[in-house]
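Structure, as structure tokens:
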Amino acid sequence: MDRKEVVLLGGCTAAVIAGVYVLWGPSAKPKRKKDIPGLVNLGNTCFINAVLQALAACPSIVEWLGDYIDKHINDDYENLFAFTLIKLFKVLNNSGGHEEAAAHHQPTELLAALRSRGWHISHDEQDAHELLHVLTSILEEEIAVMPVVVSLFDVRTLQMGTYQSFENGILTRTRQSLPKLPQHRTSLPCRGLLASQMTCKQCSYKFPVKYETFDSLSLTIPSQLWGGNSLDACLQQFVMPEYLQNVDCENCAKLATMTADATKNTFTRTLTIGKMPALLCLHLQRTVWLNSGTPLKRHDLVEFPELLHMDRYSLRRQTSSRRAGLQRSKLLLGGSAGER
């Protein structure tokens, strides 16, 4: 075969391969599935976008919203705030039929839902932590089952009938059950319990543990002269015991034989996490107030690990550690007595 014919055959083969690649090869347009949709800043709404994108990346809140909508599929679920949130999260996650959504999304529907519930965005600087509490408060009101109470202005209805007792409970004059407190059949995935306990420094008497609900933990940044801060250091400062002066101690009052002043002692109050939420939200308090009353924002770098171990900050872990310490002390005392 002549050299020219070989060059011509090679050129034709290259042209055929290039044509096949252009016609049936991979598309030059990237798939929307791999893109990360963004939210358009509609004018001082960057803090809203940051909170929404952070929540959309948490599977626990997305699954909770989906399950809640499924339970109310026969109701007017389209007017629920949870439905507005789950639609936006599906757009941000490229799921639920939104794989071909635009790369930039405007959260106008969510802003309209917030305004309809009495929350308006001003032109001043807003707080992302405040917005998180607004979202959780709206969802909390939505999932609460409120009882129907007869108006006091309905005098005729109130005067009809008498109080009657039945096996299922007590009926009012309106022949209705007594109003009950709002019931929460489900709780938000960010809802946890804080455990607070006070201990007397004099007699080691401990008050019963008190529990309080929380949706987020506000942590202060420790003052460091050298080096940076870490999230563990912020959490350790959060659970650090606090000293309370002049607190009445019931146990010291029983043991006291002098005056009543002997019952006022110093107590330590410790905060721990009694119940860990499925979605733990941490808030770093970066705004500090100077002695002159001027606010100052701290720009300290706070390092956080990829995997955060929270067992050391839980009530169960600290209770187990105290019990283990008591057992060790008993063993040591027993050994000393045996040697003697």
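Database remark: amide H of Thr213 closer than 5 angstrom to the amide H of Leu194 (H placed geometrically; neighbours at sequence offset of 5 or more, or on other chains; Pro and chain starts carry no H). Annotation: amide H of Leu219 within the under-5 Å range of His283, Leu284, Gln285, sequence separation 5 or more or interchain, hydrogens built in the peptide plane. Here each label is just a point 7 Å from Cα along the line to Cβ, and for Cys203 and Ile121 those points are 5.8 nm apart.
If I ignore ligands, DNA and RNA and count only protein heavy atoms, how much of Thr287 is accessible to a 1.4 Å probe, in Å² to the nearest 10? Thr287 has an accessible surface of roughly 80 Å² with all protein chains in place. Computed with a 1.4 Å probe on the full set of protein chains, the accessible area for Ser292 sits at about 90 Å². The heavy atoms of His120 offer some 130 square angstrom of accessible surface to a 1.4 angstrom probe.
Where does each of Ser204, Ser60 land when they are ordered by accessible area, with a 1.4 Å probe and the largest first?
Order by accessible area, largest first: Ser204, Ser60.
With R₀ fixed at 35 Å, the C-beta to C-beta distance from Val239 to Ala57 puts the FRET efficiency at about 0.80. Ordered from highest to lowest accessible area with the whole protein assembly present and a 1.4 Å probe, Met310, Met240, Met198 read as Met240, Met198, Met310. Ranking of Ile73, Ile273 by solvent-accessible surface, largest first: Ile73, Ile273 (1.4 Å probe, protein heavy atoms only, all chains present). Checking the cross-link pairs Lys210/Lys275; Lys210/Lys264; Lys87/Lys275; Lys206/Lys254; Lys210/Lys297 against a 24 Å limit on the alpha carbon distance flags Lys87/Lys275; Lys210/Lys297 as lying beyond it. Over the Cα atoms of segment 184-244, each weighted equally, I'd like the Debye log10 I(q)/I(0) at q = 0.16 Å⁻¹, rounded to two decimals. Listed by q, the Debye log ratios stand at -0.75.
The values are calculated or read from the model by the stated rules, or taken from the named source; none is laboratory data. It should be emphasised that the depicted structure is a prediction, and the values quoted were computed from it without experimental measurement. Positions of Cβ are generated from backbone atoms using ideal geometry, with glycine treated the same way; all protein chains shown enter the neighbour counts. Calculation scope for accessible area: heavy atoms of the full protein, side chains included, ligands and nucleic acids excluded. Shrake-Rupley method; radii C 1.70, N 1.55, O 1.52, S 1.80 Å.
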